[in-house]
Amino acid sequence: MAKRGNSIIKGIEISEVITMLNKAYADEWLAYYQYFIEAKVIKGIMKDAAIAELEQHGGDELRHANMVADRILQLGGTPLLNPKDWFTHTNCGYEEPKDFDVVSILEDSIKGEQCAISTYASIAESVKDKDIVTYDIVSQILADEVEHEEDLQALSDDITDFVESMKKHI
Ligand SMILES: [Fe+2]
Ligand SMILES: [Fe+2]
């Protein structure tokens, strides 16, 4: 545990920060697995473009899990040790792919990103001016989640437009 590092945290209980981060940690692992399995089962038009995006996002979520775990340890906490705990701590849950069509898969992922954005915005708000280091880390992650939502939405819009223009030519 970083003694001096933690002594600069003011106005919020460290245990409260650890609890919030562990919930986000559960979200990141579930998001990682969601992207992993989506990239495997996805079907349909322009699926290669979607797979590239899903795999890249999955890699980012794993990197986020790493960043959050390191911060929890710095704070003297323990990242969740058992995957069973992911489901009891998660904010955003897990969107099991039911329909493997590209647009449905992208929709599921967009929902996940929107939840991640709300989660990190809320953590940032809670630690702002209190825990500078956590604020910095969650701000970096938040910027990635905003980019993820935008990437998925842009791809989904492109696919929908393409399908519409094909229909006009039939
Ligand atoms: Fe993430
Ligand atoms: Fe994300």
Task: Of Ser15, Ser156, Gly112, farthest towards positive along the dipole that unit charges on Lys, Arg, Asp, Glu beta carbons give the chain - done: Ser15
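Please work out the FRET efficiency for the pair Asn82 and Glu164, using the Cβ-Cβ distance as r and a Förster radius of 45 Å; give the result to the nearest 0.05. Walk me through the numbers on the way to the answer.
Working: r = 46 Å, r/R0 = 1.03.
Efficiency, rounded to the nearest 0.05: 0.45.
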- [ ] Count neighbours as other Cβ atoms within 10 Å of each site's Cβ, and list the trypsin sites (Lys or Arg not before Pro) in segment 24-119 that are DSSP loop with at most 14 such neighbours.
- [x] Lys98
Task: Per residue value of the accessible surface for the chain (all protein chains in place, 1.4 Å probe), Å² - done: 55
TODO: May I ask you to derive the relative contact order of segment 32-85, considering only C-alpha pairs under 8 Å and at least 6 residues apart, and to give it as an integer percent?
DONE: 33
Open item on the list: From the mean inverse distance of alpha carbon pairs (Kirkwood) and the Cα radius of gyration, derive Rg over Rh for segment 84-170.
Closed with: 1.13
Task: Descending Cα extents along the principal axes, segment 1-81, whole Å - done: 53, 20, 18
- [ ] Could you size up the charge dipole of segment 1-146 around its Cα centre, putting +1 on the beta carbon of Lys and Arg and -1 on that of Asp and Glu, and report it in debye to the nearest 20?
- [x] 600
Task: Options Leu73, Leu142, Pro83, ranked by Cα towards positive dipole end of the chain, top entry (Cβ charges) - done: Leu73
Task: Heavy-atom accessible surface of segment 91-170: percent carbon and sulfur, 1.4 Å - done: 52
TODO: Specify the residue with the greatest mean-square fluctuation among Gly44, Gly58, Gly112, computed from a Gaussian network of the chain linking alpha-carbon atoms under 10 Å apart.
DONE: Gly44
- [ ] Can you give me the three principal axis dimensions of segment 121-170 from its C-alpha atoms, in Å, biggest first?
- [x] 60, 13, 8
- [ ] Choose one answer from Ala121, Ala154, Ala39: the residue with the largest mean-square fluctuation in a GNM of the chain with alpha-carbon springs under 10 Å.
- [x] Ala154
TODO: Give me the lysines in straight-line cross-link reach of Lys23: C-alpha distance below 24 Å, same-chain residues under 8 apart excluded.
DONE: Lys3, Lys10, Lys84, Lys111, Lys128, Lys130
- [ ] Compute the relative contact order of the chain as a whole-number percentage, counting only Cα pairs closer than 8 Å that sit 6 or more residues apart in sequence.
- [x] 29
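Mind jotting down a quarter of the surface of the convex hull over the alpha carbons of segment 5-151, in square nanometres, one decimal? All intermediate terms of the calculation are to be shown ahead of the outcome.
Working: hull surface 32.4 nm².
The number I arrive at for segment 5-151 is 8.1 nm².
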Task: Cβ-based net charge around Thr119, under 12 Å, with every Lys or Arg adding one and every Asp or Glu removing one - done: -4
TODO: Quick one: among His57, His89, His148, which has the greatest mean-square fluctuation in a GNM of the chain with alpha-carbon springs under 10 angstrom?
DONE: His89
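The values are calculated or read from the model by the stated rules, or taken from the named source; none is laboratory data. Remember, predicted model here, so these are calculated numbers, not experimental data. With ideal geometry, Cβ positions are generated from the backbone for all residues, glycine too; neighbour counts draw on all protein chains shown. Note: areas computed on protein heavy atoms with side chains; ligands, DNA, RNA excluded. Shrake-Rupley method; radii C 1.70, N 1.55, O 1.52, S 1.80 Å.
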